[in-house]
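For reference, the structure discussed in these notes is given below.
Each value in this text was obtained by applying a stated rule to the coordinates, not by laboratory testing. Since this is a predicted model, take the numbers as computed values, not measurements. Because the Cβ atoms are built from the backbone with ideal geometry, glycine has one as well, and the counts that use them run over all protein chains shown.
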Amino acid sequence: MEIIKFEVGDTLIMKKKHPCGSDRMKVLRVGSDIRVVCEGCSRDMTVAREKLEKNIKRVAK
């Protein structure tokens, strides 16, 4: 499994949509856990890096 490179401020386009219908998440904090916010409903969440990396389709700078 390759490590996907992304930084604070990047937008992640996910494979599955959030329940609000948006598939874009903005990165707020990077570490072993990643803090992201949904661009559709502004829901703030912290997700384990392994789980998040499986669900990323691509990274938009």
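Here are a few things to note about the model shown:
- Those GluC sites (Glu not before Pro) in the chain that DSSP places in a loop and that have at most 11 other beta carbons within 10 Å: Glu2, Glu7
- Ranking Pro19, Gly40, Phe6 by Cα position along the charge dipole of the range 1-45, where only Lys, Arg, Asp and Glu carry charges on their C-beta atoms, puts Pro19 farthest toward the positive end.
- Net charge dipole, the chain: roughly 180 debye, given to the nearest 20, about the Cα centre with Cβ charges of +1 for Lys and Arg and -1 for Asp and Glu.
- Net lengthening on full extension, Thr46/Arg29 (0.36 nm per residue, minus Cα-Cα): 5.2 nm
- Neighbours of Asp10, meaning other residues whose beta-carbon lies under 10 angstrom from its beta-carbon, give a summed charge of +2 when Lys and Arg score +1 and Asp and Glu score -1.
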